[in-house]
Each structure stands twice: as C-alpha cells, then as structure tokens.
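What follows is calculated from the coordinates using simple rules that are stated; it is not laboratory data. Computed from a prediction, not measured in an experiment: that's the story for all the values here. Ideal geometry is used to build each Cβ from the backbone, glycine not excepted, and the neighbour counts take in all protein chains shown.
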Amino acid sequence: MILVTGGAGFIGSNFVLDWLAAGNEPVLNLDKLTYAGNLANLASLQGDARHVFVQGDIGDSALVARLLAERRPRAIVHFAAESHVDRSIHGAQDFIATNIVGTFSLLEAARAYWLTLDEADKAAFRFLHVSTDEVYGTLAPDAPAFTEKHAYEPNSPYSASKAASDHLARAWHHTYGLPVLTTNCSNNYGPWHFPEKLIPLMIVNALAGKPLPVYGDGQQVRDWLYVKDHCSAIRRVLEAGRTGETYNVGGWNEKTNLAIVHTICDLLDEMRPRPDGQSYRAQITHVQDRPGHDRRYAIDARKIERELGWRPAETFDSGIRKTVRWYLDNPEWVQGVQSGAYREWVAAQYGHEGADAR
Ligand code: NAD
C-alpha cells in the first residue's frame, strides 16, 4: 500500500486513478477536502476496495501516526497543499499552515514510522514530495530553463511556502536519513482541474459566454505538462529515483498565457461553435496584472530523462485537445464544482461532511 496525501485534488486524483489503472497496489488517500478537494473526481472508484479514503489533515499528527501504524504503507506521495497563487496573495495563512507546518508534521510522522520498520523495509521506504517550478522564481526571456541546480528565488506566498517545504523535505533526508525524493514540476493541465486556474477557467467562461480575463499583456510564459504525464513521472521517480535527489518535470512546452487562451478559443470554435458564428476570441478581456507576477518559468527536464528514461507522452496540441474535449463532455462535473453540489455528494456517500469519511 502507498499513502497519498491530497488525493482528492486535481493532480492527486488523477494520480490515484492512474496508479490503480496501472496496478493493484492499494492507495490510502488522506485528504482534508478543502474547497479544492473533490471526491467526485474519484467516483469511478466507488466500491473499489483498493482505494481507502480518509478525510483528515496532514497536520493532525495523531491521525497520521495511527494511519501509518495501522496501514503500514511502503511509500508516501505528498501532494496535499494549498495551491492557488491568487489565494495566497489574498491570505497566506492556510499556505503556511498546510504547506510548511503540515509538511513538517507529515515528515515527522513519516520519520517516526520509518524508524519502526525492519532494515529491508526501511531501505525500500520512500517519501516523495511533490513540488513546483515556481520555487525557482522568474526567468529572463533568453535565460536557460531551470535545472535542479537553479537557486531558489520564490516570489509569491505560495511559492515561498512550497520552497520552505522543499527545504524541510531535503533536511529530513540529510539530517535523519529519511529516504526523500522531490519533484519540481511545471504547470499541469487536464481533466478535473478546478476552474479557478487558467485553462479550465477559460474553457468554462468561454462556454458560459463570460469574459476571458487575461492578466496584463498576457505575455507571461509558462511551461505546460499534461497531468497524466506528471503522474507517470511521479510513478517513475518512486520506482527508480535516487533518494535525496530532486527531479525537474516538464513538458518542453513554453507558451504565453495569451497563446494558451487563443488555442482554447480556436479549439472551441471548432468543437462547439458559438451560436452567433463569432470566435470565442471576442470574449478576451485584459485585466490588471497580478502583483509580483513572474514573467517566465521554463523547466529543463533532461535529468529525469537521462537518469530515469521519462519523457512526456503528450504534446501540447494533443493534451489541450483532450482537455477541451473532457470539459465539453463533463458539464455536470463543472456544475457540481461551481454549485458546491459535490459537497452534498460527499455527505451522501459518507454520512456527513467533516467526518473521518472512510
Ligand atoms: P489542488 O489544490 O487541486 O489539490 C490539493 C489537495 O490537497 C486538495 O484535495 C485538498 O483538499 C488537499 N489538502 C489541502 N490542505 C490539506 C491538508 N492540510 N491536509 C490534507 N489535505 C489537504 O492542488 P494540485 O494542483 O492538485 O497540486 C497538488 C500538488 O502538486 C501541490 O503540492 C502543488 O504544489 C503541486 N504542483 C501543482 C502544479 C499544478 O500545476 N497544479 C504544478 C506543480 C506542482
């Protein structure tokens, strides 16, 4: 069994589905179900004994200690985090509590559990800390992409909290010998992405006839990776990564935000034309830029390719086409997320919201 934290979030739920599609090893999924956690993403696993869900906080050390002692996972894949930069700007409290203090608490619980294992299990144990390229800060237009050796220069409360958690994970390896691996990944996109983030927001707003708000001039550059490729990279690092190492994960897809929005509009023009025959591009509006907005991120993913033979399977063109298709095919999911109906669904499945929903 493996323990996955944050397995009801965007990447975590894709990972749980992918993991159980690829093999039969059970997953213990610990998630607090914040606004970003959505068990509807995992509805296809209902009745599947390989998925054990527990609603709880990674910072609840008594709960985590009990789960580790009872379930005895061979690895922890740590996704749980507050993940939205804009929210971190409006209030960083939860980011500090979960991303920093919560990760500290989880590392301590993992270490205490790891010390109880026999030598063979101890050597095989893995703590995989999932992080972001945003810890490296911003890049000049012509600067080489971030390698694992790039200095940490986080600029938002979100990236600062993730940088802190990366340092804690690193220290728990160097100081205590905990077998930690860290991945720093670029922007993900794909199914079950909460519609506060750029790609799903644009798709959902376009279809609703609402404005498509682009920050500033829209020339901010990001590297994009289809979420299933991120999942395969994490599986590969868990399987063959060297402990104490970090691996950058990216899709070799640098795009400006405006180019992303244009691509989405063009795909929707093709797949679901507007009734008035106009392009969805007519809905684009430029809004005031986000404070401290990093201009460019780019990931150099050569280490994971060289050492572990991982490469993304999707190009940006194939991945974004699948993503737009998914949102067109799953309007009830979008409605559920927007209306909060998925919370009612959780209550119906597990008795009442806020319980240890196993
Ligand atoms: P998300 O916001 O969609 O999901 C986070 C999940 O963690 C939610 O299910 C939430 O309920 C849960 N959670 C939050 N606080 C918790 C707590 N205290 N205890 C237990 N569960 C808690 O985030 P995501 O986009 O899926 O990102 C997952 C991880 O990947 C994060 O660590 C993030 O920093 C990292 N990451 C994300 C991206 C991206 O593009 N989305 C890129 C690189 C790295």
What do you get when you divide the Cα radius of gyration of segment 1-69 by 2.2 N^0.38 Å, with N the number of residues?
1.03
Relative contact order of the chain: what whole-number percent is it, with Cα pairs under 8 angstrom and at least 6 residues apart?
18 percent
Against the rule of thumb 2.2 N^0.38 Å, how large the Cα Rg of segment 35-79 comes out
1.29
Could you give the length gained by full extension between residue 170 and residue 290, i.e. 0.36 nm per residue of separation minus their alpha carbon distance, to one decimal place?
40.1 nm
Run the numbers for residue 330 and residue 48: contour at 0.36 nm per residue of separation, minus the present Cα-Cα distance, in nm.
99.3 nm
Given C-alpha coordinates of segment 137-288, what is the ratio Rg to Rh with the Kirkwood estimate of Rh?
1.05
If Lys and Arg each add +1 and Asp and Glu each add -1, what is the summed charge of the other residues whose beta carbon sits under 13 Å from the beta carbon of residue 68?
+1
Among 137, 177, 244, which one shows the biggest mean-square fluctuation in a GNM of the chain, springs joining Cα atoms closer than 10 Å?
177
Have a look at 83, 7, 241 and report the one farthest towards the positive end of the charge dipole of segment 2-350, computed about the Cα centre with Cβ charges (Lys/Arg +1, Asp/Glu -1).
241
May I ask for the Rg/Rh ratio of segment 2-127, computed from Cα atoms with Rh as the Kirkwood radius, given to two decimals?
0.97
Residue 13 neighbourhood, Cβ < 13 Å, K/R = +1, D/E = -1, net charge -1
Between Rg and the Kirkwood Rh of the chain, both from Cα atoms, what is the Rg to Rh ratio?
0.96
Over all Cα pairs of segment 81-199, how is the pair count split among 5 Å bins, expressed in % and running from 0 up to the last occupied bin?
2, 11, 18, 20, 18, 14, 9, 5, 2, 0, 0
Partner lysines whose C-alpha sits under 23 Å from that of residue 162, ignoring same-chain residues fewer than 8 away, are 32, 149, 197, 228, 303
Please order 139, 39 by the number of other Cβ within 10 Å, starting at the fewest.
139, 39
So which chymotrypsin sites (Phe, Trp or Tyr not before Pro) in segment 34-97 end up in coil per DSSP with only 14 or fewer other C-beta atoms within 10 Å?
35
Nothing charged except the Cβ atoms of Lys and Arg (+1) and of Asp and Glu (-1): what's the magnitude of the dipole of segment 116-234 about its Cα centre? Round to the nearest 20 debye.
260 debye
Sort the following peptides by mean Cβ neighbour count (other Cβ atoms within 10 Å, averaged over residues), highest first: 253-264, 41-52.
253-264, 41-52
Apply the membrane-span-like helix rule to the chain: whole DSSP H runs, Cα extent along the own long axis of at least 27 Å, mean Kyte-Doolittle hydropathy at least -1.0. List the helices found.
157-176
Considering only 132, 115, 93, whose Cα is most displaced toward the positive end of the charge dipole of the chain, charges sitting on Cβ of Lys, Arg (+1) and Asp, Glu (-1)?
115
15 Å tail of the calculated P(r), segment 138-207, as % of Cα pairs:
70 percent
To the nearest 20 debye, the chain has a Cα-centred charge dipole, built from +1 on Lys and Arg Cβ and -1 on Asp and Glu Cβ, of 300 debye
Tally Lys/Arg at +1 and Asp/Glu at -1 over every other residue whose Cβ is under 11 Å from the Cβ of residue 186; what's the total?
-4
